[in-house]
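Worksheet: the structure to be examined is printed underneath.
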Amino acid sequence: MESNNDARWTSSPVRLCSLTDGVYAIVLTLLVLDLKPPQDASLSNDALMDDVLQQFPTFLAYIASFTVVAQIWQRHHRLFTHQRECDLTIVSLNFLHIFLVTLIPYTASLVGHYDNDRFAVILFNVDLATGGGSLMLIARRMASRPDLRDPGKPPPLLTYPWAARHVYGISGVLSVMISFISLHFSLLVWIFGAVIMVKAKRQ
């Protein structure tokens, strides 16, 4: 149970979002570090092409994770737009969200280093799903404390259609299922899901 002091404690969303934005920036930077150019500058065109093609799983994981992290940042930004204050639970849930997001470069790296390992791909899918899905926990807590938001401004994530609210969980389940057929195609689910979400918002 929350103590009286914990229940009354609030923090500025500006500080929380500044910290979170910095984490997103670092995560997006770390993602690209696994894409390494050949060390031998004298490689022939064929050898260079072979080297680049060998990095295809790494590049695919980079595109999928970059796309998802960018989309998660957009949702996080909208979620806090009309938030006047954050209580201890919102702050704690946001740190859980940050924890899951900071694991994405690691799980993406596993996909690149263990190309044909289904466990690496499943772990990557689960991390993306839980990292994005954790925003729903924050949104539900915000909805339970309307006194901390601008009047008449519910968390936008809760106003989305059901499929849009749970897009990360749906994509995660589909990706894991497809991974038993094709590991590479399972990663494409995240990219296609992000494209569909962008088109849906424009309609």
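Here ALA47 clears all of (1) out of contact with any Gly (no Cβ under 9 Å at 6 or more places or on another chain); (2) open to solvent by 30 Å² or more (accessible area, probe 1.4 Å); (3) within 17 Å of THR130 (Cβ to Cβ) except the condition numbered (3). For region 124-148: of the residues being hydroxyl-bearing (Ser, Thr, Tyr) and within 25 Å of ILE104 (Cα to Cα), which is surrounded by the fewest Cβ atoms within 10 Å (Cβ to Cβ)? By that ranking, first place goes to THR130. Scanning region 149-166 for residues that are part of a helix (DSSP H, G or I) and open to solvent by 20 Å² or more (accessible area, probe 1.4 Å) yields PRO156, LEU158, THR159, TRP162, ALA163, ARG165.
Figure legend. Inter-residue proximity from region 120-146: first residues hydrophobic (A, V, I, L, M, F, W, C), second residues open to solvent by 50 Å² or more (accessible area, probe 1.4 Å) and assigned to a helix (DSSP H, G or I), beta-carbon distance below 7 Å, spacing 6+ or different chains. Indicated pairs: MET136/ARG165; ALA139/LEU158; ALA143/LEU158. Residues that are outside any helix (DSSP H, G or I) and touching an Asp or Glu at 6+ places or on another chain (Cβ under 7 Å) were ranked within region 68-94; the one that is surrounded by the most Cβ atoms within 10 Å (Cβ to Cβ) is HIS82. Suppose we filter VAL195, VAL121 for residues that are assigned to a helix (DSSP H, G or I) and either among the aromatic types (Phe, Trp, Tyr) or crowded, with 20+ Cβ neighbours inside 10 Å (or both); which single one remains? Checking each option against the conditions leaves just VAL121.
The values are calculated or read from the model by the stated rules, or taken from the named source; none is laboratory data. Not measured: the values here are computed from a predicted model. Virtual Cβ from ideal backbone geometry, glycine too; neighbours counted across all protein chains shown. Keep in mind that these areas ignore ligands, DNA and RNA; they rest on the heavy atoms of the full protein, side chains included. Shrake-Rupley method; radii C 1.70, N 1.55, O 1.52, S 1.80 Å.
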